Structure formats: C-alpha cells, structure tokens
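These notes are about the structure you will find just below.
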Amino acid sequence: MDALRIQGGSRLSGTLTVDGSKNAALPALAAALLCDGTFTLRGVPPLQDIQNMTHLLSELGCDVHVNGRDITVETNDMSKVHAPYDIVRTMRASICVLGPLLAARGEARVAMPGGCAIGDRPVDLHLRGLKALGATVSLEGGDMVLRAPELRGTTVFMGGPFGSTVLGTANVLCAAVLARGETVIESAACEPEVAFLATMLRAMGADIEGEGTPRIRVRGVSKLNSVDIDLMPDRIVAGTLAVASAITNGDVQLDRFPLDHLLAVNDRLAEAGVHIEQIDASQPPDCCSVKITTDRRLRPILFTTQPHPGFPTDLQAQVMSLLCLADGNSIVTEKIYPDRFLHVPELARIGATVIRQGATVVVQGVDELVGAPVMASDLRGGAALVLAGLAAQGETLVRRIYHVDRGYLGLEDQLTALGASIERVDGGPM
Ligand code: EPU
C-alpha cells in the first residue's frame, strides 16, 4: 500500500498551477445525464473519484470519452437508472446522479451511501427536496428508489441542522431545470461549485438565476443542449498548496488561484501572518496568480468552519497543521462535521499539542514538529499530515495515502517541483 515519505525542513519555492476542482467536476459530470447532445468538460484532473464517476456514467448508459483532461459524454441508453452499491460505496458523491436521473429518465435507483470516516452524512435533505418536486421515495434492498413521471416546480427549503447541503442543492437544481414551472430553492448552498453547476446548466439552456446566493430561482425548460465548458480551479487544492508554502516559510507563486472563493481563509491566514496577494490586478479574482509570503513568527488564531462564504470544513485540517507551529494557543471549531478530527491524534504523534473537546480543538503552538510514521484516515486529514511532515524535523511516513490521492493529483510531484523532499514508497500492508 502506497505511502509518502517526507524529509521535512525544505523551504518551498517556485510556481505551480492549481488543478481543476474535483468537487465541481463531480456534480457537473452527473449533470451530463440531462444533456440532449454532446457534453464536454475540460481541464478535469484524472483523480480516482473522477474515474469512479465516469465509470458510473458508463453504467448508466452513457458513452464516455476521456482525452487527456477533457471528458466528453453522450447518452445512448436512457433505460439505465441504477447506481449500484459497488460504485456508491467507493464514492459518496455518486449521489449526484439522483436529481439528473430523476429529471431525465423519470426514475432513479441509487444505493444508500453507508458510513463515512468524517462523521454522519445523512441524505434526508436531498430526498426532501426531490419529494417536494413530486418524486415518490422508497427504500428497496438498500437502494433509494425515486420515481416521478413529471416533476413540478415549487418552493424547496434546503436548510438543515448544519446549514445547507452542497450536493443536495445540486440534486434539486438538476431536477428543477426540467421540472414544469418555477422552482425557488431557499437556503440553497452558496458554494462556488454549485454556482459553477448553475452556470454550466445555463450554458445548456436552463433558466436559472441567483446562484451563489441562498435563493436560486429556476424556470423549467423542456430540454438541455450540448455544452463545452472549462472546469473551475479547485479552491481546496489551492488552499492546501498555500498552507504548504506557509508551513515551510516558503516563497511560492500559485497560478489559477481562486482567491475570490477563499476570502474567509485569506482573512484567517492573514491574521496568522500568512499573506496571499494577487500579483496582477487585471486578472479575474476567481482565477488569478498569487504570491504567498509568511511572517517570521506565526500568530495563533480562532476559526470556525461554516458553509460558504465562511471558512470551509475541507481546509480545517490543513490550517490546523499550520497552527501547530504558531506562537500561542489557537482554537478551531468544526460546525459542519463535528467529528472531522481524525487527524488530531496523528498530529500529536508528530509532536503537536492538540486538545480536543467535542467539536473544538485547542492547538497549543510548539517550536518544532518531529517526524514520525502516521496514518491518513480521510482525504483532507491526510493532506494535513503531509503538510505537517513538510515542516517536521526528520522523516515522516504518511501511510494509507490512497485517501489523499482521491482529491490531490500527484501531490508528491507538485511538492517536489517546489523543492520538497517527498517520495512515494511502499508503506507495507494496511
Ligand atoms: N446534511 C444533512 N442532510 C443531508 C445532507 C447533508 O443533514 O441530506 C448535513 C451534513 O451531515 C453536513 C452538512 O449538512 O453536516 C453539509 O453537508 P453537505 O451535504 O453540504 O456535504 P456534501 O454535499 O455531501 C460536499 C463536499 C464535501 C464537503 C461538503 C461541505 C463534494 C463531492 N463533497 O459534500 O467535500 O466537505 O460539501 O462543504 O462536493 C471533501 O472534498 O473532502 C469533502 C468531504
């Protein structure tokens, strides 16, 4: 099983380009099921989750062609409506096909996703939203079965106990574009990936306004046409690379950086002494070149994860690694997934002083981290351990790196290009 071996202590420098966004690509690819023509998404990183999604689309009767980083999808069999457990258990985001299948084919049969390392991830809001549009919902042999000969527009409320739902909003949006009449999605997720989906659907002929705000208005159309669109940059990869620069006190330039999508992170990092500055004001702030510079001493900060435009849960672990080296006590509170702290005991193995109480972690900054063998248990927590390893004295071995590979394409190659000493090795059995 692959592991990453890191010799910490190298100061990163150089320039990297941020990859396309996995979390925008997954619902966008699922929306190819709505397309009455040729669907092309460009600049998609060939990550495992992307391959899982293209495999699922093939199972659902689509011809999928991958040409480098460009993916083309055409539907040839509308009778397939089943996303089986074999695929869903490898990728929870398979649930993205629920809304598109229901809207385009009148029926969706998607295996109920099971447990998840980062905590409870219910799907009640997805189902409530699609029911409101007229679907019947039943559970058959572990599959959610939704049927609706015709979807009808209405007002759908997508808020839940932890805020809105990103993929739930995507599902309802995809169903509403072909529903009869007008749908108003209240308490819609404002994440940039949802806004990207809306922009793409509009390019296919959908009538949508308000994306990126909590109220999205959709007027149903009878069909959606071909589309050819470039994928947006990945704000979580961008933030992770920015922390990699900061934690090594590096001097890194990042191109295709979605600064506008990371304003809460930028604000907190600036308070800690990490400055992300746009280099050329003529570039759009959602895709620009930035320079990362870091003050000699990092200051402790407080941050709380929240739905967008708040601080994203998907960067909580990585920024926590950075704060392990700040000059004082930081407080990190997780409001989206209160149990998303699998990285905490592993950070302690590298010498961090991290004390968890419920959904809050107190990080007492230390002067140095000390390399050790550690284990990734989830995607972002695993990335956080790699970052900590970059700063630690001596050797860190991050095992179970397949978790990290789900969301970062060749992370070791990218970090090597910036001067890190990191290599992929056989980490032995589980
Ligand atoms: N929730 C419910 N009911 C639902 C759905 C969600 O209560 O029906 C709760 C969740 O338990 C959570 C909160 O609502 O507390 C937000 O979950 P959300 O549905 O927004 O998560 P998601 O759409 O399943 C996406 C990303 C996650 C990211 C979250 C939050 C993709 C493929 N996944 O998941 O990304 O953490 O939004 O921003 O887009 C990752 O990339 O590492 C990752 C986990």
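Miscellaneous remarks
- For segment 180-189, filtered to residues that are buried (at least 24 other Cβ atoms within 10 Å of the Cβ) and in a loop (DSSP other than H, G, I, E, B), the residue that is nearest to the ligand (Cβ to nearest atom) is A189.
- Tabulated pairs, segment 146-173, first in a loop (DSSP other than H, G, I, E, B), second among the acidic types (D, E), C-beta under 6 angstrom, 6+ apart or interchain: G153/E182
- Positions within segment 132-145 being touching a residue at least 12 places away in the same chain (Cβ under 8 Å) and not in a strand (DSSP E or B), in sequence order: A132, L133, G134, A135, G142
- Meets criteria (within 13 Å of the ligand (Cβ to nearest atom) and farther than 20 Å from I87 by Cβ) for V123: no
- Residue within segment 249-259 that is of a type in the set (F, W, Y), farther than 18 Å from I118 by Cβ and in the same structural domain as A391 (by TED's automatic domain parsing) present: yes
- Residue in segment 141-159 that is surrounded by fewer than 18 Cβ atoms within 10 Å (Cβ to Cβ) and within 16 Å of the ligand (Cβ to nearest atom) present: yes
- Filter result for the condition that a residue is away from the ligand (no atom under 15 Å from the Cβ) and either buried (at least 22 other Cβ atoms within 10 Å of the Cβ) or within 26 Å of the chain's Cα centre (by Cα) (or both), over R356, R299: R356
- Pairs, first modelled with pLDDT under 95 in segment 289-307, second among the acidic types (D, E), C-beta under 7 Å, six or more apart: R297/D327
- Residue within segment 81-95 that is farther than 26 Å from H343 by Cβ and acidic (D, E) present: yes
- Residue within segment 65-88 that is buried (at least 16 other Cβ atoms within 10 Å of the Cβ), in the same structural domain as S222 (by TED's automatic domain parsing), more than 22 Å from D228 (Cα to Cα) and among the hydroxyl-bearing types (S, T, Y) present: yes
- Residue check for R128: basic (K, R), part of a strand (DSSP E or B) and modelled with pLDDT of 95 or more: no
- Selection within segment 195-215 - within 15 Å of the ligand (Cβ to nearest atom) and in contact with a Leu (Cβ under 7 Å, 6 or more places away or on another chain): L197, A198
- Residue selected from segment 115-126 under the condition touching a Gly at 6+ places or on another chain (Cβ under 9 Å) and of a type outside the set (V, I, T), by the criterion surrounded by the most Cβ atoms within 10 Å (Cβ to Cβ): H126
- Within segment 399-430, the residues that satisfy the criterion of being over 19 Å from D314 (Cα atoms) and hydrophobic (A, V, I, L, M, F, W, C) are L415, A417, L418, A420, I422, V425, M430.
- Residues considered: A359, A376, A391, A348. Of these, the only one that is among the hydrophobic types (A, V, I, L, M, F, W, C) and under 22 Å from G250 (Cα atoms) is A391.
- Elements of type strands (runs of 3 or more DSSP E) contained in segment 1-73, each with 2 or more residues being away from the ligand (no atom under 16 Å from the Cβ), over 18 Å from the mean Cα position of the chain (by Cα) and of a type in the set (D, E, K, R): 2-7
- Listed by first and then second residue, the pairs with beta-carbon distance under 6 Å, at least 6 apart or on different chains, first residue in segment 327-341 and surrounded by fewer than 20 Cβ atoms within 10 Å (Cβ to Cβ), second polar (S, T, N, Q) and in a loop (DSSP other than H, G, I, E, B), are K335/Q306.
- Qualifying residues in segment 92-119 (those that are touching a residue at least 40 places away in the same chain (Cβ under 8 Å) and out of contact with any Leu (no Cβ under 8 Å at 6 or more places or on another chain)) - the one farthest from M204 (Cα to Cα): G119
- Residue check for R217: more than 18 Å from the chain's Cα centre (by Cα), at pLDDT 95 or above, basic (K, R) and not in a helix (DSSP H, G or I): yes
The values are calculated or read from the model by the stated rules, or taken from the named source; none is laboratory data. Source: prediction; values computed, not measured. Don't worry about glycine lacking a Cβ; one is built from the backbone with ideal geometry, like all the others, and counts go over all protein chains shown.
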